[in-house]
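The values are calculated or read from the model by the stated rules, or taken from the named source; none is laboratory data. These numbers come from a predicted model, not from an experiment. All Cβ positions, glycine included, derive from the backbone under ideal geometry; neighbour counts span all protein chains shown.
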């Protein structure tokens with residue numbers, strides 16, 4: 001059997017297979033489908049996980065830091081301006097050596113509304129650890 005799936009859905013499956021216990025995220029295009037798929041897994045009882053709907057990307061990383069500091073497996077996903085907004089806490093998480101996983105769905109950090117793939121967001125966060 002072959003299954004053709006989007007990268008966003010495959011990332012959600014990765015979080016599910018890794019048995020993430022807490023997912024904190026703020027929806028931002030094109031990352032939204034990752035979190036929507038995880039929400040579906042949780043709603044249908046296919047993933048034993050708590051979803052924390054936060055008010056910003058900064059809060060998403062803060063929730064992950066808190067969860068991982070308590071020994072819980074945490075996951076998040078972001079993109080572009082969202083990754084840039086959580087930059088301060090990316091440094092904090094790496095400086096206190098917290099093991100966490102976050103998917104960045106690359107998108108341009110261009111002016112206005114730009115949904116084209118670009119690696120500026122990842123490169124800007126490259127040295128955060």
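In this structure, is residue 100 over 21 Å from residue 6 (Cβ atoms) and touching a residue at least 40 places away in the same chain (Cβ under 8 Å)? Spelling it out, it is not the case that residue 100 is over 21 Å from residue 6 (Cβ atoms) and touching a residue at least 40 places away in the same chain (Cβ under 8 Å). Restricting attention to region 15-30, the residues that are within 12 Å of the chain's Cα centre (by Cα) and in a helix (DSSP H, G or I) total 1.
Taking the residues in region 15-27 that are without any contact (Cβ under 8 Å) to a residue 60 or more places away in the chain and either surrounded by 14 or more Cβ atoms within 10 Å (Cβ to Cβ) or touching a helix residue (DSSP H, G or I) at 6+ places or on another chain (Cβ under 6 Å) (or both) as candidates, determine which candidate is farthest from residue 117 (Cα to Cα). First the steps, then the outcome.
Going residue by residue through region 15-27, those that are without any contact (Cβ under 8 Å) to a residue 60 or more places away in the chain are 16-17, 19, 21-27.
Narrowing further to those that are either surrounded by 14 or more Cβ atoms within 10 Å (Cβ to Cβ) or touching a helix residue (DSSP H, G or I) at 6+ places or on another chain (Cβ under 6 Å) (or both): 16, 21-27.
Working: 16: 25, 21: 30, 22: 28, 23: 24, 24: 23, 25: 20, 26: 19, 27: 17 Å.
Residue satisfying both the conditions and the ranking: 21.
Consider region 105-129 and keep the residues that are surrounded by 13 or more Cβ atoms within 10 Å (Cβ to Cβ) and touching a residue at least 60 places away in the same chain (Cβ under 8 Å). The one that is nearest to the chain's Cα centre (by Cα) is 105. For region 73-104: of the residues being in a loop (DSSP other than H, G, I, E, B) and surrounded by 15 or more Cβ atoms within 10 Å (Cβ to Cβ), which is nearest to the chain's Cα centre (by Cα)? Restricting to residues being in a loop (DSSP other than H, G, I, E, B) and surrounded by 15 or more Cβ atoms within 10 Å (Cβ to Cβ), the top hit is 79.
Please specify each residue of region 31-50 satisfying the condition of being under 12 Å from the mean Cα position of the chain (by Cα) and either assigned to a strand (DSSP E or B) or surrounded by fewer than 17 Cβ atoms within 10 Å (Cβ to Cβ) (or both). Show your work before the answer.
First pass over region 31-50, keeping only residues under 12 Å from the mean Cα position of the chain (by Cα): 31-36, 38.
Hits for region 31-50 are 32, 36.
Only a single item in (1) at pLDDT 90 or above; (2) outside any loop (DSSP other than H, G, I, E, B) is not met by residue 55, and it is number (2).
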